[in-house]
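The values are calculated or read from the model by the stated rules, or taken from the named source; none is laboratory data. What you see is a predicted model, and the numbers here were worked out from it, not measured in a lab. Here the Cβ positions follow ideal geometry from the backbone for every residue, glycine too, while neighbour counts run over all protein chains shown. With ligands, DNA and RNA removed, areas are computed over all heavy atoms of the protein, side chains included. Shrake-Rupley method; radii C 1.70, N 1.55, O 1.52, S 1.80 Å.
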Amino acid sequence: MGFTSKNPAARMGTTLYGTYGSFNTRAGGIEFDTGKTRMGRAFIDMQHEETNGYLTNSSERRSNLMFKDVIDLAPETTLTIETTYNKEWQYTTQGATLDDYKKYGKNYGLCNDPSKQCYYGYQPSVYTSDFDYISLKTKLLSWLTLENQIYTSGFEHDYSESTDASQGDTAANGVTFYNAAGKKVATYKNDIPGKYADAAYRTYGDTLRLKGHTSYGDILLGVWADVQKDRRYTYAIDLSRNSVPVLGKNGSAYSYDISDLNTTIQPYLELNFHPWAGATIKPGVKYSIFKRDYDAGINKGTKLPLKDTQSYGSWQPSIAINQRIMKNWSAYAQVARGFLAPPLSVFQVSSVGNVKPETTMNYQVGSVYHGRNWMLSLDGYYINFSNYIASAQIQVPNIGTTSTYVNSGGAVYRGIELEGQYVIGYGFSLYGNYSVNDAKYKHSNVRVAKSPNALASFGLLYESEHGPYFSIMGKYAGTHWGLDSTTDDADNTVFKNQYKIGSTVTADLAMGWRIHHIGSFFSNVTPSIKIANLFNNRAISDFAGNQSYGDAPLFWRIAGRSVFFNMTATMP
């Protein structure tokens, strides 16, 4: 686990920045740097953003706060304190059908008709998150350094929504109330069915690293420990009646009420040595211990209580070799074993049993060459998954189509990537990247969903030491499938590709000017403009699931062309 963020400036100063552009987007912020003081070098950054959103009726606003202080306690000892807080409010969209795109436009998201489930006022979401850590880095001996971080992180998603936010058919409406004994008491055919949900977690952890430098090479030793508390619940509501809870046939309004405690411990050891000229070899090993304590008063899927504990452990060896063939040419190879504990969804059954974790064997080889004005690299990878956990769409009685996760048995990812850059001169350079990728389930020709068969980026860049700069970059995403599984007539999950998504090409243009020393008031001013999706490609870009009523497929489109004007000014 790494902690990376910008460092406070060496000099005191204030930076103002703002953005205005498409979809009535407004954003601004201020950063104040203290420079070097007795309390260290610190900055505080505050920003706020509001937008109507590209999709109809999908407005959003967001506020962020970040503080960081780097304190030199001694010549070889540094203490870093950082805290961040983020809050976002939005109307959440769920994708749209092809008919809705045809009827209402390619930017359709939510409707403004309160008689339908797609009404934007029924879909408010609030996201809050924070991340805080204290880091101590010191040199214990001339050859030994220690780094330790204590951290906490939290996230909460608090929201209500209609049963299907993409649904514009009033035939999907209707709310039936039951009493605590499970007896039907009333049905309101025109009411809007929905749910209220809250999902929150808090994690506490520590990372300890020791690095020893010897004449034979470097030794890296450490451990990561983490405890995560998770609570999530949802219950049915009638959005037409002031979101009153709606009891179901089991006498409860709750669809699920789950508490989850996850514990991770991961010690590791890595060596870094140079056995012969031009060679670097990095063997390493870590051991992952993961324990999940699951406690559901009402379990998702079964609506029954469930308490269970599952523990997993896995050795994860790795080795990386880099060989400098010539002064400007090197080759490398890497082999590593990966591990992922089963997701929460495997507990959402009547009996969990012994669930195997997902593991991988990862192989990578490549080479990099640097010429006088150009660079070229070639890379190949092969990843062998065992117990691959895949997303699946299943039919649930009285609910409709919903998403879950299943063990697909195994899958193989492989591909080749080529990357290059050529410096033309006078500040101009060309850049390109192209990869061919293949991801399939074992013993079949079924491709893993959401895995494009090719990816590419290419463009022209310019930067002058006198201030102006610009770039025009194109991006290509090859074809992929939206879904790789379906439910057969016997309600069994079978793997089969559905909803093919075609390839897309987009381009982004950015230009600006870094102006230094404007009088005595501003040290730097940078006006800039960015045009995203320059040629306004609004093609279908991904599959978004199925409607719960009628089972129609939902899709996402590429957001249309947008233009944003930006200004940054630093004082003094």
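Let's see if you can work this out: charge +1 on each Lys and Arg Cβ, -1 on each Asp and Glu Cβ, no other charges. What is the dipole magnitude of the chain about its Cα centre, in debye to the nearest 20?
540 debye
Is there a quick way to get the dipole size of segment 1-78? I mean about its Cα centre, with the Cβ of Lys and Arg at +1 and of Asp and Glu at -1; what is the value in debye to the nearest 20?
Using only the charged Cβ atoms, the result is roughly 120 debye.
Based on DSSP H runs of at least 4 residues, each adding -39500 (n - 2.57), what is the mean residue ellipticity at 222 nm of the chain after dividing by all its residues, to the nearest 500 deg cm²/dmol?
Result for the chain: -500 deg cm²/dmol, rounded to the nearest 500.
Once label points are set 7 Å from the Cα along Cα→Cβ at both Q228 and N492, what is their separation, rounded to one decimal in nm?
Going by the 7 Å Cα→Cβ label model, 3.3 nm.
Just to check I understand the Karplus step: with θ = phi - 60° and J = 6.51 cos²θ - 1.76 cosθ + 1.60, what whole-Hz values come out for segment 211-216, glycine and proline as x?
10, x, 10, 10, 5, 8
Taking 0.36 nm per residue of sequence separation and subtracting the Cα-Cα distance, how much length would be gained by fully extending the chain between L455 and T77, in nm to one decimal?
131.7 nm is the gain from fully extending L455 to T77.
Give a residue-ordered list of calculated ³J(HN,Hα) values for segment 141-157 (Karplus: 6.51 cos²θ - 1.76 cosθ + 1.60, θ = phi - 60°; whole Hz; x for Gly, Pro).
Result, ordered by residue: 9, 4, 10, 10, 10, 10, 9, 9, 10, 10, 9, 9, 9, x, 8, 9, 10 Hz.
Of L208, T176, I237, which is farthest along the charge dipole of segment 175-242 in the positive direction, counting Lys and Arg as +1 and Asp and Glu as -1 at C-beta?
So the residue furthest toward the plus end is T176.
Per residue of segment 92-107, in order, report the coupling 6.51 cos²θ - 1.76 cosθ + 1.60 (Karplus, θ = phi - 60°) as ³J(HN,Hα) in whole Hz, putting x for Gly and Pro.
8, 9, 10, x, 8, 7, 5, 5, 5, 4, 5, 7, 10, x, 6, 9
Please state, to two decimals, what the Cα-based radius of gyration of segment 32-94 comes to when divided by 2.2 N^0.38 Å (N = residues).
Computed over Cα atoms of segment 32-94, the ratio equals 1.69.
Provide the per residue accessible area, probe 1.4 Å, for the chain, rounded to a whole number of square angstrom.
Ligands and nucleic acids excluded, the figure is 54 Å² per residue.
In this model, which of K229/K249; K282/K327; K303/K500 are farther than 27 Å apart at the alpha-carbon?
K229/K249; K303/K500
With r as the distance between the Cβ atoms of K475 and Q323 and R0 = 30 Å, compute the FRET efficiency 1/(1 + (r/R0)^6) and round to 0.05.
So, using R0 = 30 Å, E works out to roughly 0.35.
Of all the accessible heavy-atom surface of segment 212-283, with the other protein chains kept in place and a 1.4 Å probe, what percent is carbon and sulfur?
60 percent
List the extent of the Cα atoms of segment 107-167 along each of their three principal axes, largest first, rounded to whole Å.
Result for segment 107-167: principal-axis Cα extents of 72, 22, 14 Å.
Using modelled amide H (1.01 Å from N, peptide plane; none on Pro or chain starts), what sits under 5 Å from the amide H of A544, excluding residues fewer than 5 places away?
Those lying under 5 Å, H to H, from A544 are L554, F555, W556.
Using alpha-carbon pairs under 8 Å, 6+ residues apart, how would you state the relative contact order of the chain in percent?
Over the chain, the number comes to 9 percent.
Taking chymotrypsin sites (Phe, Trp or Tyr not before Pro) as candidate sites, keep only those in a DSSP loop with at most 14 other Cβ atoms within 10 Å, then name the longest stretch of the chain containing none of them.
The longest such stretch corresponds to 277-425.
Hey, could you get me the Stokes-Einstein D for segment 162-240, Kirkwood radius over alpha-carbon pairs, 4 °C and 1.567 mPa s, rounded to whole µm² s⁻¹?
After rounding, the answer is 73 µm²/s.
Would you grab the residues whose amide H sits under 5 Å from the one on Y388? Only those 5+ places off in sequence or on another chain, please, with H modelled 1.01 Å from N.
S408, G409, G410, A411
Could you name the aspartates and glutamates in cross-link range of K106, using Cα to Cα under 16 Å and dropping any fewer than eight places away on the same chain?
Straight-distance partners of K106: D542.
Between A331 and Q421, what's the calculated FRET efficiency when r is the beta-carbon distance and R0 is 22 Å? Round to 0.05.
0.70
Can you give the % of DSSP beta bridges in the chain that are antiparallel, to the nearest 5?
Restricted to the chain, the bridges split so that about 100 percent are antiparallel.
What distance in nm separates the two pseudo spin-label positions at Y369 and W143, each 7 Å out from Cα along the beta-carbon direction?
4.0 nm
Rounding to the nearest 20 debye, state how big the charge dipole of segment 102-182 is about its Cα centre with +1 on each Lys and Arg Cβ and -1 on each Asp and Glu Cβ.
That gives a dipole near 360 debye.
With r as the distance between the Cβ atoms of S115 and Y382 and R0 = 45 Å, compute the FRET efficiency 1/(1 + (r/R0)^6) and round to 0.05.
Efficiency for this residue pair is about 0.25.
Taking only the alpha-carbon positions of the chain and ignoring solvent, what does the Debye formula give for the base-10 log of I(q)/I(0) at q = 0.05 Å⁻¹?
One equal scatterer on each Cα of the chain leads to -0.28.
Taking Cα atoms of segment 206-277, Rg/Rh with Kirkwood Rh, to two decimals?
Answer for segment 206-277: 1.50.
Just the Cα atoms of segment 250-316, one point each, no solvent: what log10 I(q)/I(0) does Debye give at q = 0.13, 0.19, 0.28 Å⁻¹?
The Debye formula, applied to the Cα set alone, gives -0.58, -0.80, -1.10.
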